[in-house]
Amino acid sequence: MLISNAYAQAAVGGDSGFIGFLPIILMFVLLYFLMIRPQMKRAKETKSMIEALQKGDEVITAGGIVGRISKMGEQYLTIEIAPNTEISVQKAAVQMLLPKGTLKSLQ
């Protein structure tokens, strides 16, 4: 035959199995601390911000609309974006709570 047989080499030492998985384990630990943990922290902060919303708060929605909360429901908010102009949005659409008086400085 022209092609010779290839044989697997026997493992040397008993710890080679764990050492082989060590880089994979380190990658998962690194992934957790660089991506998963900060994302969970940000989601927790957003949830607490949405739960703390009150009537009169100034907010920015996910679509970039800036306004003041005029009515609150279980799932929806009514936001006044101009005098006598209101829109309804889901609570989850609120991205940022603005400091009081921000709307006056924008006008």
Worksheet entry | Three-way shape label, the stretch 54-106, alpha-carbon gyration tensor, a/c 1.5 | prolate
Worksheet item: Applying the Karplus parametrisation 6.51 cos²θ - 1.76 cosθ + 1.60 with θ = phi - 60° to the phi angles of the stretch 71-88, what ³J(HN,Hα) value in whole Hz is obtained for each residue in order, glycine and proline being reported as x?
Response: 9, 10, x, 5, 10, 10, 10, 10, 10, 8, 9, 7, x, 6, 10, 10, 10, 9
Item to complete: Please determine, in degrees from 0 to 90 and to the nearest 10, the orientation of helix 16-31 with respect to the longest principal axis defined by the Cα atoms of the chain, where the helix direction is its Cα long axis.
Response: 10 degrees
Worksheet, complete the sentence: With label points set 7 Å from each Cα along the Cα-to-Cβ direction at F33 and M72, the distance between them in nm comes to 3.9 nm
Item to complete: Please work out, to two decimal places, the log10 of the ratio I(q)/I(0) at q = 0.20 Å⁻¹ from a Debye calculation in which every Cα of the chain carries one identical scatterer.
Response: -1.00
Worksheet item: Once fully extended, how much extra length lies between I65 and E86, figured as 0.36 nm per residue of separation less the alpha-carbon to alpha-carbon distance?
Response: 6.4 nm
Discussion item. Under a Cβ-only charge scheme (Lys and Arg +1, Asp and Glu -1), can you give me the dipole magnitude of the stretch 54-106 about the Cα centre, in debye to the nearest 20?
Written reply: 120 debye
Discussion item. Assuming 0.36 nm per residue, please report the length gained on full extension of the stretch I24 to L103 beyond their Cα-Cα distance.
Written reply: 23.4 nm
Worksheet, complete the sentence: In this structure, among K55/K91; K41/K104; K44/K91, pairs with alpha-carbon gaps over 23 Å are K41/K104
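Just so you know, all these numbers are worked out from the coordinates, no wet-lab data involved. Quick caveat, the model's predicted, so the values are computed rather than measured. Cβ sites come from the backbone with ideal geometry, for glycine too, and all protein chains shown count toward neighbours.
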